[in-house]
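Single-structure report; data block below.
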Amino acid sequence: MLMKADARQSPESASIQKATRDIYLPPERRQIAGGGTPHISAKDFSVYYGEFEAVKKVSADIFSKYVTAIIGPSGCGKSTFLRAINRMNDLIPSCHTSGSLLFGGEDIYGKLTDEVLLRKKVGMVFQKPNPFPKSIFDNIAYGPRLHGVNDKKKLMEIVERSLRKAAIWDEVCDRLDKNALGLSGGQQQRLCVARTLAVEPDVLLLDEPTSALDPKATAKIEDLIQELRGSYTIMIVTHNMQQASRVSDYTMFFYEGVMVEYAATAHLFTNPKDSMTEDYITGRFS
Amino acid sequence: MNLGTRKILDRSFTAVGIGSIVLMALALMVVVVPIVSNGVGAMFFTGTVEHRKMLQSEFKRGEPRELAGEVAAAERYRARVYEMLAGFEAEMERMKPEQKAEYEEKYSPVRKTLQELLGPLPGDPAPMLTRFKYGQTRWEKAEERLHDLLYETKWDTSNPDVMSKEYFVSQATGFEGTSLAQLFPYVEKNIRKILLPKFTIYWGFLTDSSVDSHFFGGIWPEIQGTFFLAIGAMLFAFPLGVIAAIYFTEYAKPGFFNSMLRSANSTLAGVPSIVFGMFGLAFFINTLKVSESKSVIAGALTLAIMILPTIIRAAEEAILAVPKTYREASLGLGSTKWNTIATVILPAALPGILTGGVISLGRAAGETAPIIFTAAVSVGSAIGLADVFSSPTPALSWNIYNLASEHEAAAQIRHVQYGMVLALVSIVLLLNLSAIVLRARISKKLKG
Ligand SMILES: Nc1ncnc2c1ncn2[C@@H]1O[C@H](COP(=O)(O)OP(=O)(O)O)[C@@H](O)[C@H]1O
Ligand SMILES: [Mg+2]
């Protein structure tokens, strides 16, 4: 098999040691995750658009089953870094990388890596809700069908389980055959989460999942992330500092492509090491 | 810019916009109204007993007994005409030679017009062409012939400074003092009883073959040929075009070769259709020898090449218009590229692709030049599906041109030509309309 989530290695790197040293976790969280095991490890990892280096030599470990938030001003490379993890950037012809990025110990950009399998393991939810113009059922069943589940009963099970996990089952259970584009923005976004969960990924990448939603829908998505924490390794890009502090265990601060600081969330927000981080979280620039 | 100026500008733009739309609508009316009103005349007209005779003997249409009654009724009035002719012919025999010669010269056009009006007269040899077997089948034509019979057209050229003027001289005066003089008032008075005009609806115009190169009958072979050619062209061009569009949008690496291909495609879309016609003859018939000579398949292939660039471009645009987010969603779920194309991109692009397809279908149906050398014949019967590989076919577009310009009696069968134009315009309009409906329905389904 290409990549197993439990085949974990911990490359010794200065930044990782720094991150673990800075980690502050409430005890109950520590139990859920069984400590910080790296799931995704970047080492001197850069992403370029042509000549332009959008992500600059990032070295960090993303810990298994924890929620890691990425914050930073617009254009600092948050999305680029996130999309590098499931190779969504492959869609951009000019985009290329250097350094190493490991997922469960295997090189994401390795020559033999099958990006299709990778994306099955590393699901992504985008900024703008993007359901297919198909029925709610077909949206959720899309992934399982791709991966060979065709039995109607089994599909129904998966659809229900995924929609329940995404806390939207009660709202849509009586109209699974209706077009998903008829749902509200917030419902669509939770549907997209359910669709991603249906292929049973290990990692969930969320790129500003609430920026297109109203406060009520945002609260629902945040609740959902709370529900899912502990079951999935979650990475969430957000503009909203409150959101980052509410939902995440760890936070990364990016500035102009550089990962300036990476620490346990409570720690980073109360006790930032870097003056840039402090300026950003106190709202001196954005 | 201050508010007042802005409002004035807005208003004047509205006026210009509405004006141009109205102008366009008027221009369209100028084209469409005559087409429809004349074309409808091919199916709805006042037909004479001659038309019913023709339908009965050429197509076995109508009630034979009823027709026999009508013919008998008409013959009663015609018999008097025949008597007068016979009487005058006998009278001429008794004349002095120079007088006889003079009357014969005047009599011969009268007799000929009567032939045209009533069909073969007693004593005439059986005509070879079907068109001479019957009198005037359409009342408005009969009225024209009647006028020819009653009046001689003369031109007043006395004043060289103005255009010569047309004037009519009663034919009867030419025969004054002879027994024929009474013929003219008799025919004029009894023309309705002789021809029995009756409002006729002739749907057979759409479903019958033509008789005697479109003198009588319908345009079914042309309609069928048009469908064969257009649908045949689609069968080749549509799958090929969609595949090419997928290649261009999803697989082609940007570069010299790719941009060459693209500009070649754009150029092809602008090549005059007659060039495709010549190409079709040279390539499909002379080089590939898909058929001995003109055939439906050669025409369909030529049309396919002609519409291919349009289909490719429409499909390309439709595919590019599919939101990037669908692609990301699908790939993000671990879908392969091909799977994403097949299950997400193509369904979402379908309305645009189909619209391009149906509009191209309409274009293939309407083009004349590509089929002149490859598929079209001016007169022919409807061919079977099995014959498409070997037989040419008549087709609406080509036959409209042919009837307008090359037919030996174009002026006498204008109604057929207009009928064909109406049929062709209707087919193209229907196709475009169905494209709009199809597009709306699929878009609605996609939007939920
Ligand atoms: N497709 C692209 N081509 C070239 N440059 C890009 C592309 N996408 C993003 N960039 C650039 O990369 C930088 C990081 O972008 P992004 O990761 O989207 O930032 P963020 O998500 O933090 O707002 C920006 O300067 C942006 O202009
Ligand atoms: Mg972004």
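Residue separation of B:Lys324 and B:Arg11 scaled by 0.36 nm, minus their Cα-Cα distance, works out to 108.8 nm of gained length.
With the convex hull drawn around the C-alpha atoms of chain B, the volume per residue stands at 291 Å³. Packing order of peptides B:73-82, A:234-243, A:97-106, highest average first: A:234-243, A:97-106, B:73-82 (average count of other Cβ atoms within 10 Å over each peptide's residues). Cross-link partners of A:Lys121 among aspartates and glutamates, defined as those whose alpha carbon lies under 19 angstrom from its own and excluding same-chain residues fewer than eight positions apart: A:Asp6, A:Asp61, A:Asp90, A:Glu106, A:Asp107, A:Glu200, A:Asp202, A:Asp207, B:Glu328.
Taking every residue in A:132-143 and counting other chain Cβ atoms within 10 Å of its Cβ, the average works out to 4. Our summary gives chain B a relative contact order of 18 percent, counting only alpha carbon pairs under 8 angstrom and 6 or more residues apart. Structural descriptor for segment B:342-424: relative contact order 25 percent, calculated from alpha carbon pairs under 8 angstrom and at least 6 residues apart. Seen from every direction in turn and averaged, the convex hull around the alpha carbons of segment B:45-202 projects onto 11.8 nm². Segment B:220-447 has equivalent-ellipsoid semi-axes of 37, 20, 14 Å, by the square roots of 5 times the alpha carbon gyration tensor eigenvalues, sorted largest first.
Working note: Cα atoms of the protein assembly as shown, range along each principal axis, descending, whole Å: 140, 67, 53. Ordering A:Asp249, A:Asp202 from the fewest to the most neighbouring beta carbons within 10 Å gives A:Asp202, A:Asp249.
What ratio of Cα Rg to 2.2 N^0.38 Å holds for segment B:18-85?
The value comes to 1.95.
Shape annotation for segment A:76-201: C-alpha extents along the principal axes are 49, 33, 23 Å, from largest to smallest. At an R0 of 35 angstrom, the distance between the Cβ atoms of A:Leu117 and A:Glu171 translates into a FRET efficiency of 0.60. A straight chain from B:Glu98 to B:Ala386 at 0.36 nm per residue would run longer than the Cα-Cα distance by 97.2 nm. Between B:Arg414 and B:Asp156, the distance separating the two model label sites (each 7 Å from Cα on the Cα→Cβ line) works out to 2.5 nm. Both radii were evaluated on the Cα set of chain A; the Rg over Rh quotient, with Rh as the Kirkwood radius, amounts to 0.96. Extending 7 Å from Cα along the Cβ direction at A:Arg246 and again at B:Lys198 yields two label points whose distance is 8.6 nm. Summarising the label geometry, the points placed 7 Å from Cα in the beta-carbon direction at A:Leu91 and A:Lys273 lie 3.5 nm from one another. Remark: for residue pairs A:Lys78/A:Lys111; A:Lys65/A:Lys120; B:Lys96/B:Lys141; A:Lys57/A:Lys165; B:Lys53/B:Lys294, the C-alpha separation exceeds 27 Å in B:Lys96/B:Lys141; A:Lys57/A:Lys165; B:Lys53/B:Lys294.
Scattering from segment B:64-124 was approximated by placing one identical point on each alpha carbon and applying the Debye formula without solvent; log10 I(q)/I(0) at 0.12, 0.16, 0.30 1/Å stands at -0.38, -0.60, -1.26.
Taken together, the values in this text are just the output of simple stated rules run on the coordinates, not laboratory data. Just so it is clear, the model here is predicted, and its values are computed rather than measured. With ideal geometry, Cβ positions are generated from the backbone for all residues, glycine too; neighbour counts draw on all protein chains shown.
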